[in-house]
Amino acid sequence: MKFYSTNNTASRVSFKDAVFNSMPQDKGLYMPVSIPRLDDKFINNLDSYTLPEIAFHVAQNLLGDDIPADDLKAIINDAINFYAPIVKLEDDVYVLELFHGPSLAFKDFGARFMSRVMSYFLEEGEKQLDVLVATSGDTGGAVALGFLGVPNTRVTILYPKGKVSDIQELQLTTNGQNIRALEIDGTFDDCQALVKQAFTDPELNAKYRLTSANSINIARLIPQTFYYFNAYAQALKQGKNKIVFSVPSGNFGNIGAGLLAWKMGLPAQQFIAATNANDTVPQFLKSGVYEPKQSVATLSNAMDVGNPSNWIRIADMFKEDPAQLGDLITGYSFNDDETLAAIKSIYDHYKYVVCPHTAIAWQALKDYQQDQHVDGTAGIFLSTAHPCKFPDVFSAEIAEHIEVPEQVASLQTKEKQAVALGKDFEVFKDYLLKNS
């Protein structure tokens, strides 16, 4: 499969080049030249496949022979070695739990697959790979664990000072080895801007072999399609074949993967983009005017993105029929008070504890179901992170019902290691040049 830049549809690069170069020099994002539809036999029998089997079929459908079948299976079996169940909370309301990987966040799917693909493509004697990643919370932890100890790679994580939870910060800053963390005095958008500027800086690119582990990297997006197909397969086993997905949305890679899955044949009826106060996309869906804005801090910090990078991928997927995109996506946004109310409501109704991002997805689903009166359609909302990562959000009553996994408890004994920087690019560039 060849890939092109969203800013130059005539360009062509291999999957390997798209993975390692991450973002084209023209500042677009890579997309597959075509999005092959999965065959009907596979789609109609999804419920007979395991998650790794689904992942292999989907990945091979997109990548073709870029990675030989046996090697691709080995990569997937190593990367996707945890489960992602849907849990029924009430009739036609299910939660897709995506926090059973090592960093307790959905981004384990993308980070683990991408790190293994990069390791697979790296050849002996090649220049060290420098991975730059901006995080609003969960990406950094998933990438750190995905790349920890991978030979001939170094990861630099940029995160906004004071805008990630304590546990998220420990996941970013306590790894050592080939992982280093930069605490940026700014927002996630500032961190993301620094990373993007680095990729187009001639001096940095001459000295280092730079790539990204953010969802701007196509190798992060592809594996996130796996759990949409797997969730649908589980719904089929419960007699549900009309599905709406409600997706907590920040940088729009997660819902972008769902739409990519839909393009490949996932029979989803609708996608709900659920955001916090950073509501650029919901406002666009209402007004037709796309106006990026400065991000604001919220309780659902991983979604604090005012100018989501992956929106250009979504727009590109539907460039032939923009009206179809408007029909397929509905947007909802909620403030912190509404988020806290949703957390309490979920606990009161189901005795189930969710993180603030997941609470927003649930509330969006419930509002959509009430607005649309969609009888016979089941809603699946995505739970993107384990609630233990956000202890300050919960009341004492709810907090005592959170089971803290052992890997989180062990973090408390580790010491934070991070370099504090401002948001000026020249300072960031100087740090990279002097710390090679």
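Pair-distance distribution of the chain: all C-alpha pairs, bin width 20 Å, starting at 0; shares per bin in whole percent are 27, 62, 11, 0. Return the whole-Å distance between the Cα centroid of the range 42-113 and the Cα centroid of the range 142-184. For the range 42-113 versus the range 142-184, the Cα centre distance is 24 Å. Total lysine pairs in the range 300-398 at Cα distances under 22 Å, for residues eight or more apart or on different chains: 4. Within straight-line reach of LYS88, meaning a Cα separation under 14 Å, sit the following aspartates and glutamates at least 8 residues removed in sequence or on another chain: GLU97. Surface listing: HIS373, HIS386, HIS57 arranged by accessible area from highest to lowest gives HIS373, HIS57, HIS386, probe 1.4 Å. Counting heavy atoms of the protein chains alone, LYS127 has an accessible area of about 100 Å² for a 1.4 Å probe.
Rolling a 1.4 Å probe over the protein heavy atoms leaves SER295 with an accessible area of roughly 10 Å². Once the Cα-Cα distance is subtracted from the 0.36 nm per residue extended length, the LYS16 to LYS429 segment shows a gain of 146.1 nm.
So if I take the centroid of the Cα atoms in the range 204-236 and the same for the range 347-425, what is the distance between those two points in Å? Their Cα centres are 21 Å away from one another.
In angstrom, the C-alpha Rg and Dmax of the range 232-286 are 12.6, 36.
Here LYS196 is the anchor, and the aspartates and glutamates within straight C-alpha reach of less than 12 Å, apart from those fewer than 8 places off in the same chain, are ASP26.
When the square roots of the Cα gyration tensor eigenvalues are ordered a ≥ b ≥ c, the ratio a/c for the range 1-119 is 1.5 or more and a/b exceeds b/c, which makes its shape prolate. Straight-line reach from LYS207: taking Cα to Cα under 14 Å and skipping same-chain neighbours fewer than 8 places apart, the aspartates and glutamates in range are GLU126, ASP130, ASP430. Against the criterion of solvent-accessible heavy-atom surface with a 1.4 angstrom probe, TRP362, TRP262 sort, most first, into TRP262, TRP362. Summarising the amide proton neighbourhood of ALA181: residues at separation of 5 or more, or on other chains, whose placed amide H is nearer than 5 Å comprise ILE157, VAL419.
For the range 78-154, what is the convex hull volume of its Cα atoms per residue in Å³? Don't jump to the answer; show the numbers that get you there.
Numbers: hull volume 7.2 nm³, N = 77.
Roughly 93 Å³ of hull volume per residue.
Expressed as a whole percent, the accessible surface of the chain that belongs to carbon and sulfur atoms is 46, based on a 1.4 Å probe.
Rank these residues by their accessible area, most exposed first, probe 1.4 Å: ILE314, ILE402.
Values: ILE314 0, ILE402 30 Å².
Accessible-area ranking of ILE314, ILE402, largest first: ILE402, ILE314.
What whole-number value in Å² describes the accessible area per residue of the chain for a 1.4 Å probe?
Details: 16550 Å² over 436 residues.
Averaged over the residues of the chain, the accessible area is 38 Å².
The values are calculated or read from the model by the stated rules, or taken from the named source; none is laboratory data. The structure presented is a predicted model; accordingly, all values stated were derived computationally and were not measured. Accessible surface areas use protein heavy atoms only, side chains included; no ligands, DNA or RNA. Shrake-Rupley method; radii C 1.70, N 1.55, O 1.52, S 1.80 Å.
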